[in-house]
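To start, the structure under review is shown below, and the notes come after it.
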Amino acid sequence: MRLLVCSLLLAATLAAQPAILVLNGNDPVILSSTNKEKEGLPSLTVTRGRYLYQFTTAENKAAFEKDPAQYEVQMNGSCARMGPPVMGGPGNYSVYKGKIYLFGSGDCREAFEDAPEKFIETPEVLTKGTPEEQRRATQLIAKAVEALGGAAKLDGLRAIKIVQTIAGQGERTSYLRFPADFRIEERGRFEQWIVLTPKDSFQVFVKMERVGPLPGAGAAFIRERTLQLPHLMLRQRADFQILGVSKSAEGEFADVVFHGAKFGFLIDSTSGQLRGIRARGRTREGYIADIVTPLTAENYRVELNPELPDTLFERPVFEKK
């Protein structure tokens, strides 16, 4: 049995309500005369995460409950072209190989439908190198740690500030006060702050002088990606699985698996300087690919143990206009 989306009702887009998706055993049916899609039955529903799924038959509902991962909204509802933290909406969706994908815009949906395989992340092949290659990778990582001041200094960090310049996007400043206070500032076309603490999470739209909630999926993504910054990863190096080394025109990469994902550290073999990092990500077009980000004094600046006041992690209060 093949379950396909037949309707994504716009009333579901409010953050306080689950999205409503109607699934049917046939291809999506759109009644062109009324521009309305065929609706399922309110009595046949299943709630998973942020979404309420509504079905046209009890048979389809049972099939969905038996294997929901096969049919449910993918990527926690993130835009299937741009990826998290950009969220998709019920107004733009597509079904590919029986799975539901949401999009942040019609342009994103059209790009996906032209070549869906380019936008869908598949498991990486994690192949270990020879024992000698693994020893070489371990040596390179040890050199990088030493170049950063040594293991004791890196492991004893109380706070860190990292400023990145991202081509075409602007500047991103990440603050982390250990163990779990995060603040990320985006400066560019849209100025935005994101703050995550054990007690609170929110986003600030600076130009609009507005504070809003941060969806749970977005918070998890921001936390995970921040911890994948090179200095923070090396601080957590005990969690690495060493794969080996790979060579390129730029130099030697120490390849590791960190929390299930593959990364490569481009490390100068003489000085131990971190010169770049390779990771699976999205290109500006949204394609899934291995991307090497150079680390230079111009695009990646680090300050160890800066003074980070409590107010940095508190909600700002704007005057009502």
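Please go through (1) in contact with a helix residue (DSSP H, G or I) (Cβ under 7 Å, 6 or more places away or on another chain); (2) surrounded by fewer than 20 Cβ atoms within 10 Å (Cβ to Cβ); (3) assigned to a helix (DSSP H, G or I) for Glu132 and return the number of the only condition it doesn't satisfy.
(1)
Please verify whether Phe258 is modelled with pLDDT under 95, surrounded by 15 or more Cβ atoms within 10 Å (Cβ to Cβ) and either assigned by TED's automatic domain parsing to the domain that holds Arg136 or within 29 Å of Gly212 (Cα to Cα) (or both), treating the condition exactly as stated. Steps first, please.
Values: modelled with pLDDT under 95: yes; surrounded by 15 or more Cβ atoms within 10 Å (Cβ to Cβ): yes; either assigned by TED's automatic domain parsing to the domain that holds Arg136 or within 29 Å of Gly212 (Cα to Cα) (or both): yes.
The answer is yes for Phe258.
Free of Cβ contacts under 8 Å to residues at least 60 places away in the same chain, closer than 30 Å to Gly272 by Cβ and of a type in the set (Phe, Trp, Tyr): is that true of Phe178 in this structure?
Details: free of Cβ contacts under 8 Å to residues at least 60 places away in the same chain: yes; closer than 30 Å to Gly272 by Cβ: yes; of a type in the set (Phe, Trp, Tyr): yes.
The answer is yes for Phe178.
Are any residues in the range 255-271 of a type outside the set (A, V, I, L, M, F, W, C) and in a strand (DSSP E or B), and if so, which ones? Give the steps one after another, and end with the answer.
In the first step, residues of the range 255-271 are kept if they are of a type outside the set (A, V, I, L, M, F, W, C); the result is 255, 259-260, 262, 264, 268-271.
Result: Asp255, Lys262, Gly264.
Would you check which residues across the range 83-115 are touching a Phe, Trp or Tyr at 6+ places or on another chain (Cβ under 8 Å) and among the hydrophobic types (A, V, I, L, M, F, W, C) and list them?
Hits for the range 83-115 are Val95, Ile100, Leu102, Phe103, Ala111, Phe112.
So, restricting to strands (runs of 3 or more DSSP E) that lie completely within the range 154-224, which ones have at least 2 residues that are more than 17 Å from the chain's Cα centre (by Cα)?
Values: elements: 159-166, 170-177, 181-187, 192-196, 201-205, 210-213.
Here the list reads 159-166, 170-177, 181-187, 201-205, 210-213.
Before we move on, is Gly156 surrounded by fewer than 14 Cβ atoms within 10 Å (Cβ to Cβ), assigned by TED's automatic domain parsing to the domain that holds Tyr175, within 30 Å of Ile242 (Cβ to Cβ) and touching a residue at least 40 places away in the same chain (Cβ under 8 Å)? Spell out the reasoning first.
Values: surrounded by fewer than 14 Cβ atoms within 10 Å (Cβ to Cβ): yes; assigned by TED's automatic domain parsing to the domain that holds Tyr175: yes; within 30 Å of Ile242 (Cβ to Cβ): yes; touching a residue at least 40 places away in the same chain (Cβ under 8 Å): no.
No; evaluated as a whole, the condition is false for this residue.
Given the criteria more than 25 Å from Gly218 (Cβ to Cβ) and either modelled with pLDDT under 65 or not in a loop (DSSP other than H, G, I, E, B) (or both), does Asn26 qualify?
yes
The values are calculated or read from the model by the stated rules, or taken from the named source; none is laboratory data. The model shown is predicted, which means the values in this text are computed figures rather than measured ones. Methodologically, a virtual Cβ is constructed for each residue, glycine included, from the backbone with ideal geometry; neighbour enumeration extends over all protein chains shown.
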